[in-house]
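The values are calculated or read from the model by the stated rules, or taken from the named source; none is laboratory data. What you see is a predicted model; the values in this text were computed from it and never measured. Note that each Cβ is placed from the backbone with ideal geometry, even for glycine, and that neighbours are counted across all protein chains shown.
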Amino acid sequence: MKRLRRRPLKDAYAEAAAFRRRALVSFVLVTLGLMLLAGWYFRLQVTMHEEYRTRSEANRIKPRPVVPARGLIYDRNGRLLADNVPAYRLEVVPEQVRDMAATLEGLAGILPLSQDEIERFQAARRATRSFHPVPLKLRLSEAEVARFAVNRHRFPGVDAVPYLTRRYPHGELFAHVVGYVGRMDADDLQRLGDSRLAAFSHVGKSGIERYYEDRLRGEIGYAQVEQNARGRDIRVLNRIPARPGHDLFLTIDAELQAAVVEAFAGQHGAAVVMDPRNGEVLALVSLPAFDPNLFVNGISHADYRALVDSPSRPLFNRAVLGGYEPGSTIKPFIGLVGLELGLRRPEDRTFSDGAFRLPGQDREYRDWRRGGHGWVDLRESLAQSVNTYYYQLALDIGIDRLSAEMAKFGFGRATGIDLSGEASGILPSREWKRSARNQPWFPGETVIAGIGQGYWVTTTLQLAQATSILAAGGWRHRPHLLRATQRGFGTEPVPEPQPAPERVTANVRHIEAVRDGLVAVMHGPTGTARAEATGLDYLIAGKTGTAQRVTRRGDASLNLDELPFHLRHRALFIAFAPADDPQVALALVVESGGSGSRAAAPVARRIFDAWLLRERRE
C-alpha cells in the first residue's frame, strides 16, 4: 500500500509579505515611469517649446528667396547697353519630386527639352541643395507656358516661374566691353564664396558684367509663404524686399563705338580710344566679336564649337588680352627717354645710310628705306620713322635704363582697367630674359628693342595709355570704364572715384619736342602718314608702326601684298588730337594690315573725324 506524501502548509504571512514587496516595486517603477513621462512632456511643452514651435512653423511657413532685378548698364549718354526683359523659366525643386527620371520624361513630352538643357540641369542639381529650385528650361515661349499650365498637376515640384532675363540690344557691338551673364554653376559659387547666392540663376561671366558682379546683382529678399499639407501656397505672411542692383553708367560712347567698328571696314584688329584728360575709355573694340545674347540662357554645343573653333577667335579680347610687338609706335617714348636722360637734344642728328652695325659685328640692322634717310634729328626721325636713329639711341641708353624708363609709361604691367584678366605684356629686360629663358642679354637685342621688335609684347590698351601720357603733358591716368553708379529710380548717379594721376615727366619742352615730331608724321612733307591728313582742319599727332610677321633675306625685296593673308605684317597706329589741345587719344592694330601708314592710319582718321567733327556739330 502506497504511502501518501504530506504537502507543506502555506505560509500566508510570507506570501503576503512577498506580494507587498512586488507591489511596492511595481508602484515605484510605475511612479518612476510616470515621472519620466511627465518630465518628457514638460521638456517638450516648456523647455523645448520654442524649438519645436519653430520646427512646426517651418513645416507650415516656407521662406522663398526673392531675386532682385539686375542692375542696368548704360553708356555715358544714357543709351541702354544691357537690359532686363520679362520671361518664364521652368524650375524644379528636387526634394519635392519622387521620380526625377519619370518627371523629366513627362516634361519632354509637352515641352522641347534639349540634351544640353538636361545636362546643365543635372549638373546644377548636384551642386545645389535639394530644397533649392533648379532651373530646367529658360525663356519659355507663351505657347510653352500655356501647355505646361494645363499639365501642371501632373508634375509636383515643377513650376513655371516669371523672371527677368538679360538682353543685350546692341549684340556684338559691346560684347568685349559689357561682356555677358550666364547660368550659375558650382565654379561660380566657389569663386563668389557665398552659398546664399545659389538663389541667383545667372552670374556675370565676362566684361563689366563679371568685374562689377557684386554691384549689379543686388541683394536677395525673402517672402514667408504659408502652405497647406499638400505644399500649396495659401498666403504670404511677411516679405523682406529685395534690393535691386546698381545701374552702371560707363565711360563708353555708343556712337563712337559703332564708328570705330565701321572704320575697320570688316578688318580684324583692336582699338582703344581714351580721353587723355581723365583716363576715360571712350571706345574699346575687338574684332571680330560675338553675340553675347547666345550665352545668357545657355549656349548650344553647336554654337559654342563654332565660336571656339573659328580661326578668327571672336571670343578673344584683342584690345585687353592680345599681345603685339609695338614696332615703330614705341619710338616716341624711346625718343622722350633719350631727352629725359640727357643723351639727346631735339636738334642732335644721326646719319642713316640704310644699315646699322654694332662695332666688331658684320650683321646689319636695316632701315626701311634702301640707302637710308641721311642726317635726321628727333623730329625727322619720327616723321620718317628712321630706324637707325633709334638703334643707336637704344644702345646709348642701355637695356637696364631703357626697361626702367619704359616701365614708367605702363609697359610690362597691367594698366588696372576695370576688366578681368588683363594681360601685362612683356617689357624686354635683362632680368626678364634670365627668368624666362635662362639666357644672358646680348647687345643686338638692345638694338632691335629700340624699334619695338624682339621680345616686346604690348597690348592695344597699354599703347593707348602711353599715348595718353604724351597727350596729357606727362600725366598718367588709370584707364577706366565705370563713370557713375545709380541705385534706385529717380536718384542721381554717383560719380565713381578715381585714383589721382601720376606724373611721368615734368619737362614740358621734352614733351613738346616729341609732339612736334608726331605732328610731322601727319602734316610734315616727309611724314609717313601725310596722305591721311589731306583736308584736315585740325592737327593730329600720330605714329605709324608695323609689327613684322616675316622678314626679308639679304637684299631681296618683300612684297607685302603677295604674302598669304595670315603672314602679312600687323599694322599699328597711335595718335592724339587735336595736337594743340588734345581731347582724344587712341591706339589701334589692324591684323594682317601689312603697313601702319596704309592700313592703320586711315582707320584712325575716320575715328577722329567721327568724334571731333560730331562734337563740333553739337
Practice task
Could you tell me whether any residue of the stretch 144-162 is in contact with a Lys or Arg (Cβ under 6 Å, 6 or more places away or on another chain), buried (at least 21 other Cβ atoms within 10 Å of the Cβ) and touching a residue at least 60 places away in the same chain (Cβ under 8 Å)?
Solution key: no
Problem - Filtered residues of the stretch 1-40 (kept if at pLDDT 80 or above and hydroxyl-bearing (Ser, Thr, Tyr)) - result: Ser26, Thr31
Exercise for the section: Look at Gly322 and say whether it is assigned by TED's automatic domain parsing to the domain that holds Ala541, part of a loop (DSSP other than H, G, I, E, B) and out of contact with any helix residue (DSSP H, G or I) (no Cβ under 8 Å at 6 or more places or on another chain). Expected result: no
Problem - the stretch 332-364, subset at pLDDT 95 or above and among the aliphatic types (A, V, I, L, M), residue nearest to Val386 (Cα to Cα) - result: Ile334
Exercise for the section: Can you work out which of the residues in the stretch 74-103 that are assigned to a strand (DSSP E or B) and among the β-branched types (Val, Ile, Thr) is surrounded by the most Cβ atoms within 10 Å (Cβ to Cβ)? Expected result: Val92
Problem - Sole exception among (1) surrounded by 15 or more Cβ atoms within 10 Å (Cβ to Cβ); (2) more than 28 Å from Glu209 (Cα to Cα) for His132, by number - result: (2)
Exercise for the section: Go through (1) in contact with a strand residue (DSSP E or B) (Cβ under 8 Å, 6 or more places away or on another chain); (2) part of a helix (DSSP H, G or I) and name the single condition Asn317 misses. Expected result: (2)
Practice task
For the stretch 113-151, name all the residues that are among the charged types (D, E, K, R), under 17 Å from Asp185 (Cβ atoms) and in contact with a Phe, Trp or Tyr (Cβ under 9 Å, 6 or more places away or on another chain).
Solution key: Lys137
Practice task
May I ask you to list the residues in the stretch 300-313 that are under 21 Å from the mean Cα position of the chain (by Cα), free of Cβ contacts under 8 Å to residues at least 40 places away in the same chain and in a loop (DSSP other than H, G, I, E, B)?
Solution key: Ser310, Arg313
Handout entry: Tally of residues being in a helix (DSSP H, G or I), touching a strand residue (DSSP E or B) at 6+ places or on another chain (Cβ under 7 Å) and surrounded by fewer than 21 Cβ atoms within 10 Å (Cβ to Cβ) across the stretch 265-295
Key = 1
Practice task
Being surrounded by fewer than 19 Cβ atoms within 10 Å (Cβ to Cβ) and within 30 Å of Ala175 (Cβ to Cβ) is the filter; apply it to the stretch 208-235 and report the residue that is modelled with the highest pLDDT.
Solution key: Arg215
Exercise for the section: Look at Arg363 and say whether it is farther than 21 Å from Glu445 by Cβ and in the same structural domain as Leu518 (by TED's automatic domain parsing). Expected result: no
Handout entry: helices (runs of 4 or more DSSP H) enclosed by the stretch 361-467 - at least 1 residues per element that are buried (at least 23 other Cβ atoms within 10 Å of the Cβ)
Key = 378-383, 387-397, 399-407, 443-449
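Please go through the stretch 483-506 and pick out each residue that is surrounded by 11 or more Cβ atoms within 10 Å (Cβ to Cβ) and not β-branched (Val, Ile, Thr).
Arg483, Ala484, Gln486, Arg487, Pro493, Pro495, Glu496, Gln498, Pro501, Glu502, Arg503, Ala506
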Practice task
Answer yes if at least one residue in the stretch 540-563 is at pLDDT 90 or above, closer than 19 Å to Asp516 by Cα and in a helix (DSSP H, G or I), and no otherwise.
Solution key: no
Exercise for the section: Taking only the stretch 468-502 into account, find how many residues are over 30 Å from Gly78 (Cβ atoms) and assigned to a strand (DSSP E or B). Expected result: 1
